[in-house]
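Presented below is the structure to which this report refers.
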Amino acid sequence: MLAVVAMPSSSHPSEQSGSRDFVKHSSLYQEFLAEREEILRHKWLESERLGYDIGFERALLDWIRKHRESWRSARRAQVARQVPSSLSSDALRGLSPDSPASSRRA
């Protein structure tokens, strides 16, 4: 016997498009895009250096191992300069996906 489970969805296309817009403009999605761009740049540079396409997975792992920590630190500093002074550095640390503060949020 086959059971079909209906997933709740918005009945209005404008609500779905609004959700997509919200996600695309979220800071988390923007961070994902910026990190992805850096990984693709790393892939291109390493592929050029080696003379062959190293592939996304290898570039990703290599970039994480060699560059992610320093890139994130620089990125946090850049974001901190752009954020209004009313936010404290503690609040900024909470924006990091790998920070203990973000793991407490659910």
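The values are calculated or read from the model by the stated rules, or taken from the named source; none is laboratory data. Predicted model, so just to flag it, every value in this text is computed and none were measured. Don't worry about glycine lacking a Cβ; one is built from the backbone with ideal geometry, like all the others, and counts go over all protein chains shown.
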(request) Please identify the pairs in which a residue from segment 23-37 that is over 19 Å from Glu69 (Cβ atoms) has its Cβ atom under 6 Å from the Cβ atom of a residue that is hydrophobic (A, V, I, L, M, F, W, C) and part of a helix (DSSP H, G or I), counting only partners at least 6 apart or on another chain. (result) Tyr29/Val23
(message) Would you confirm, using the coordinates I've provided, whether Arg58 is part of a helix (DSSP H, G or I), among the basic types (Lys, Arg), modelled with pLDDT of 55 or more and under 16 Å from Leu28 (Cα atoms)?
(response) no
